[in-house]
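I have placed the structure first, in the form of structure tokens, so that the comments after it can refer back to it.
The values are calculated or read from the model by the stated rules, or taken from the named source; none is laboratory data. As the structure is a computational prediction, the values presented were derived from the model and not from experiment. Cβ sites come from the backbone with ideal geometry, for glycine too, and all protein chains shown count toward neighbours. Note: areas computed on protein heavy atoms with side chains; ligands, DNA, RNA excluded. Shrake-Rupley method; radii C 1.70, N 1.55, O 1.52, S 1.80 Å.
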Amino acid sequence: MIDFIQMVISGIAVGSSYALMALGMVLIYKASEVPNFVQGEMALLPVFIAYMMIYSYGYSVFIAFFGALFFAMILGCFLEFAVVRRAKNPNILGLIIVTIGLEMILLGLVSWKFGADQRIMPFPISSYSSVMIGDLYISTMDLVTLFVALAIMIVLFLFFRFSKFGVAMKATQQNPTAARLMGIRTNRVKMVTWGISATVGTVSGLLLAPVIMEPYMMWNPMLKGFAGAVVGGMTSLPGAVFGAYIVGVVEHLFGGYVSMDFKAVVAFAVIVIVLCVKPSGLFARHYVKKV
Amino acid sequence: MTFFAVEDLSMTFGGLKALDKVSFEITRGEIFAVIGPNGAGKTTLFNCINGIYPPTGGDIVFKNNNIRGLKPDRVAKAGIARTFQNIELFSNMNTMENIMIGRHLFMKTGLLRGGLMWGRRSFAGKEEIENRRKVEQIIDLLELQTFRSKFVGGLPYGIQKKIELGRALAAEPELLLLDEPCAGMNAEEKQDVVFWIKDIQDELGITILLIEHDMNMVMDISNRILVLNFGRPIAMGVPDEVSVHPEVLKAYLGEDDADDASGP
Amino acid sequence: MKKTLFAVLFGALVVFGMLSTGYCEIGVTDTEIHIGQWSPQSGPAAAWGAVARGTDAYFKWINANGGIHGRKLVHHYFDDGYNPARTIAGVKQLQEQRGMFAWVGGVGTAPGLAVKEYLMQKKIPWIGPAAGSWHWVTPPQKYLFNVYPLYLGDAQLLVEHAAKKMGKKSIAVVYQEDDYGEQGLAGTKHMLEKYNMELAAAVPVAMGDSDMRPHAMRLSRSNADAVLLFISPVAASRIIGIGKAMNYAPQWMSSSTCGDCPLMIDITQGLYEGVITSSFGMLETGEKVGDLQHINDPKHKLVAEYKKDVYGKFAARDERWGYTFVVGIGLAEPLVEAIKRAGRDLTRERLVEELEKMENFRGVLGRITYGPLDPNNPLTRIGQQELFLHQCTADGGSRILTNWIETEYIPMGH
Ligand SMILES: Nc1ncnc2c1ncn2[C@@H]1O[C@H](COP(=O)(O)OP(=O)(O)O)[C@@H](O)[C@H]1O
Ligand SMILES: [Mg+2]
């Protein structure tokens, strides 16, 4: 029993970083209708920028992290504005290929600029301390990640529910033509959405970096976040979060009780099962979109 | 000063001339109708005015400014709102939310201040209250109270049309474009719509550019009428003139009264 | 008439060409010897790219010192991204368009396996694949000379040390799901059988998995008091870190793959202190058991020289001085030595002859010995079989725990 609880706790811990990636992907899916495979690298580059700010320019961790988040915002906006928007007659396959291309470019850029050596991001909290509750443990870093993730989710939910921009985004997603006629600058909405998405992903990256930094660090969280987003129906923010935590917990239970060999790929089995049972994902709300 | 004018407006799709040198002018406060058979280019005219399509030729002047080629959100900002022949609502939102989006232009609170809305007396709070008051007025005017918090996707067609009208009004436009507001309605509903359109003109002082199929209705409420056929203007004038115009009669004789389905 | 003229011209060209090079070994000219190598300079395995850069700097240093018998070594290395399809394509291209005399190093079992057939069929010497794999010597191939010790040996030394020297009662192993990890597992099992011990846990790590929490938990539940790691430095750092967070503190032990103490101390933020790892070079052993050394201040004379001259003068500015870089030198040393011994009349057959005669050759790695090819005896091509143990200290130094120890070859599929 204690093992089971421990696995669930650890699953939730790892699920937090998946959840942030999943949120980022869903935001972009809602805005541009593309599974965004550059999600990980939109976080990777800012994380390395933060590292550079600390070690090459001597900024404090605090400032460097804000710098990274700000840079992520710009980067996300830039990618939408300069690349995604330029796609002529975009279809989903074409857009996927665009995001994969961007992924390769950004990954190449980071590998080229920073090399393949593993590094550690300085962080005020030790990556290896933990809180013990009886026989259960949770690492302090995981706990911080969990709280930050929850805080970001709450802020995002409130933001999209109540802010002018949130409403504009919802409108854009449901009916872009009508949205524009209401004076909503749908292009700008999409662009800023990419920026927000990159920023959310970067938070996840910054929280992973104190353990280890290398160019491929975001790949696994991105794939698992994607799995979580699909489980949640790809268009629902709460669904994405829930799906990501499901993926994390299932991975850990599967690794613990069934087979460690397939732990890393069980997420994709979860996708298949969910899609078989409920093809639109667990949380998808169906609305008829008129053209 | 010119309130609204279209000058030599042309729009071609491939080889098809959907609009061919269309010109007319509307004075403030009137109800101006555009009629014509299916495929005559009426909806295309609206789409050009709105900026959904960039016209291939000609000018569109609104309050002395050339608005031709402006993006839809700019046109909206300039004070032109519209409804669609085929309903274009945000179907996954409720009535209140849909109409509220019509207020988007009046929400000055940007990203940052929107996040800093601490209660009713704050700037954002006051703005919100004002917007809600306006929306409630519109809901009352159009008698939409019972549907206030219902998702619009499942509501009857006639109600959806009204909500769309409400959303357009929420933007407080100076010029309102209505694309077949009575399409698909029964006689009683149509009568209602006629009243509202008159109310809108009288009480809110909004100028109306109307597309309608129903000749009787058009004759009833329009100050002036433009007749289009195959993209070309064939007649323009007060209802009595137009209704006896030989070309109009000719164009309308072969016409069955089916709803056309082409939208933007 | 025209045709004959053409033929004569062509013949003259060929003869002239042969005269100018002296003789006709591929990849060898009067002034140059062309050596090929692949390595991942990009992609998930890019950290291993330093192997090829080590070889490259080493060759440049040799050339700067006059080359070998009047010839310069021309090193052609390309980035295969650890992708076997790219390895084979790149090797074929270089071999067929430029003509390599021999191949050296080459990171990874999978990329190496992709080109082994090709090189062996064409009778092209390949010295020192940068991965310790059974496949290089099972069965032994005439033109393939292994240098990198098999990971089986690492397991043997580590288990012996844990069970006999340290009196550990319960040993677990964490292994990467590939040839490397499986050898570690096989070697561990082999030794435990010998000592009549049970394996406390065998925890596989999938390539690319970055969440090691379940692995660490399974280890801690097994209560193993020594854990052997046959995984990548990143995975090792994660697992030890999570172990620490769980208050699980066995004796961590690792293969030479995670034996770069300065690097490991750095990426584990100091948790690597006290970890015992095997090694096959760079440090000075012999009478130095118990000695404290640091690879940044090498006591090993040759390593010190390489650091000053090869690394100091010929490495890129942001190159890290570490095991991977030095391994790139060590794997090429037997080739360079054999080319020297072969003299001016360098052919592939001469090279193989000289390599086969090599006995107890020592560069920066352990002793290397080959023998005349015996298809039933892998030892004729295995090269190095000795290793030693050291323990990382807090500042990235190494405490030498053993002298060189000869390991046993365990046949594949044991
Ligand atoms: N986006 C478009 N692409 C091509 N042809 C179009 C497009 N929109 C409208 N048309 C064509 O333009 C003509 C006028 O259409 P429309 O303006 O919808 O007519 P209506 O007067 O019935 O509203 C029709 O022939 C229609 O097929
Ligand atoms: Mg129409």
Review point. Taking the Cα centre of segment A:169-263 as origin and charging only Cβ (+1 Lys, Arg; -1 Asp, Glu), how large is the dipole, in debye to the nearest 20?
Key: 620 debye
Check your understanding: By the scheme Lys and Arg +1, Asp and Glu -1, what is the net charge of all other residues having a beta-carbon under 9 Å from that of C:Gly90?
Key -> 0
Exercise for review: Please report the orientation-averaged projected area of segment A:1-100, defined via the convex hull of its C-alpha atoms, in nm².
Suggested key: 8.8 nm²
**Study point:** All-pairs Cα distance distribution in segment A:2-223, expressed in whole percent, bin size 10 Å
**Key:** 8, 32, 33, 19, 7, 1
Point to revise | Kirkwood Rh and Cα Rg combined as Rg over Rh, evaluated for chain C | key: 1.02
Check your understanding: Do any of C:Lys168/C:Lys189; A:Lys190/A:Lys224; A:Lys164/B:Lys161 go past 19 Å between their Cα atoms, and which?
Key -> A:Lys190/A:Lys224; A:Lys164/B:Lys161
Check your understanding: Taking Cα atoms of the protein assembly as shown, Rg/Rh with Kirkwood Rh, to two decimals?
Key -> 1.13
Exercise for review: With just the Cα atoms of chain B, tell me how far they stretch along each of the three principal axes, in Å, largest first.
Suggested key: 64, 40, 34
Point to revise | Pairwise Cα inverse-distance average, inverted: Kirkwood Rh of segment B:184-228 (Å) | key: 11.3 Å
Check your understanding: Looking only at segment C:350-393, which residues have a backbone nitrogen under 19 Å from a spot 7 Å from the Cα of C:Lys123 in the C-beta direction?
Key -> C:350-357, C:372-375
Practice item. Over chain A, calculate the relative contact order: mean separation of alpha carbon pairs under 8 Å at least 6 apart, over the residue count, as a percent. Key: 35 percent
Practice item. Place the peptides C:377-385, A:101-109, C:222-230 in order of packing, highest mean first, counting for every residue the other Cβ atoms within 10 Å and averaging per peptide. Key: C:222-230, C:377-385, A:101-109
Exercise for review: Under 18 Å from a label point 7 Å along Cα→Cβ of B:Asn223: give me every residue in segment B:169-192 with its amide N that close.
Suggested key: B:173-178
Review point. Once the Cβ-Cβ distance between C:Ala394 and A:Val155 is put in as r, and R0 is 41 Å, what FRET efficiency do you end up with, to the nearest 0.05?
Key: 0.50
Review point. If exposed trypsin sites (Lys or Arg not before Pro) are those in a DSSP loop with at most 16 other Cβ within 10 Å, what is the longest stretch of chain A that has none?
Key: A:89-284
Check your understanding: Cysteines without a disulfide-compatible partner in chain C, using Cβ under 4.7 Å as the rule?
Key -> C:Cys24, C:Cys258
Check your understanding: How many Cβ atoms of partner chains, on average, are near each residue of A:207-214 if near means within 10 Å of its Cβ?
Key -> 4
**Study point:** Amide proton proximity set for B:Gly58, modelled H, under 5 Å, gap of 5+
**Key:** B:Ser10
Exercise for review: Beyond 16 Å, what share of the Cα-Cα pairs of segment C:208-260 is found? Please give it as a whole percent.
Suggested key: 33 percent
Practice item. Report the local net charge at B:Gly29: Lys and Arg +1, Asp and Glu -1, summed over other residues whose C-beta lies under 11 Å from its C-beta. Key: -2
Exercise for review: Can you tell me the FRET efficiency between C:Cys24 and A:Val258 if r is taken as the Cβ-Cβ distance and R0 is 56 Å, rounded to the nearest 0.05?
Suggested key: 0.40
Exercise for review: At a probe radius of 1.4 Å, figure out the B/A buried accessible area, summed over both chains, and give it in Å² to the nearest 100.
Suggested key: 2500 Å²
Study note, to complete from the structure: Of the candidates C:Ala342, C:Pro375, C:Gly312, the farthest towards the positive dipole end of segment C:277-401 (Lys/Arg Cβ +1, Asp/Glu Cβ -1, centred on the Cα centre) is C:Gly312
**Study point:** Approximate spin-label separation B:Glu130-A:Ile133, in nm, with each point projected 7 Å along Cα-to-Cβ
**Key:** 4.9 nm
Review point. Which three extents, in whole angstrom, do the alpha-carbon atoms of segment B:12-90 cover along their principal axes, largest first?
Key: 32, 31, 25
Check your understanding: Excluding ligands and nucleic acids, what accessible area in Å² is computed for B:Leu16 using a 1.4 Å probe, to the nearest 10?
Key -> 110 Å²
Point to revise | Exposed-loop-free span, longest in chain B, where GluC sites (Glu not before Pro) count as exposed if DSSP calls them loop and at most 14 other C-beta atoms lie within 10 Å | key: B:1-142
Check your understanding: Hey, what's chain A come to in accessible area per residue, 1.4 Å probe, Å²?
Key -> 40 Å²
Review point. Buried accessible area for the C:A pair, summed, 1.4 Å probe, in Å² rounded to 100?
Key: 3000 Å²
Practice item. Can you check what the net charge comes to around A:Leu109, using other residues whose Cβ is under 15 Å from the Cβ of A:Leu109 (Lys, Arg +1; Asp, Glu -1)? Key: -2
Point to revise | Accessible area (Å², per residue) of segment C:38-138, counting only protein heavy atoms and a probe of 1.4 Å | key: 34 Å²
Check your understanding: Where the accessible area of chain A is counted over protein heavy atoms with a 1.4 Å probe, how much of it, in %, is carbon and sulfur?
Key -> 73 percent
Review point. Size of segment A:122-233 along its principal axes in angstrom, Cα-based, largest extent first?
Key: 58, 32, 29
**Study point:** Simple Cβ-charge dipole of the protein assembly as shown, Lys/Arg +1 and Asp/Glu -1, about Cα centre, in debye nearest 20
**Key:** 1460 debye
Check your understanding: Averaged across the residues of C:246-256, what count of C-beta atoms belonging to other chains lies within 10 Å of each residue's C-beta?
Key -> 1
**Study point:** Proximal aspartates and glutamates to C:Lys123, defined as alpha-carbon separation beneath 14 angstrom and excluding residues fewer than eight positions away on the same chain
**Key:** C:Glu25, C:Glu96, C:Glu349, C:Glu353
Review point. Once you treat every alpha carbon in segment C:145-207 as an equal point and sum by Debye, what is log10 I(q)/I(0) at q = 0.12, 0.27 Å⁻¹?
Key: -0.29, -1.15
Check your understanding: Taking the Cα centre of chain B as origin and charging only Cβ (+1 Lys, Arg; -1 Asp, Glu), how large is the dipole, in debye to the nearest 20?
Key -> 1500 debye
Review point. So which lysines pass the test for C:Lys299, namely a Cα distance under 19 Å, with those fewer than 8 places away in the same chain ruled out?
Key: C:Lys288, C:Lys307, C:Lys308
Practice item. Provide Rg and Dmax in Å for segment A:1-59, with only Cα atoms included in the calculation. Key: 16.5, 50
Check your understanding: Between the DSSP loop rule and a limit of at most 16 other Cβ atoms within 10 Å, which trypsin sites (Lys or Arg not before Pro) in segment B:16-105 are left?
Key -> B:Arg28, B:Lys63
**Study point:** Label point 7 Å beyond Cα of A:Lys278 along Cβ direction - residues of segment A:20-39 with amide nitrogen under 13 Å
**Key:** none
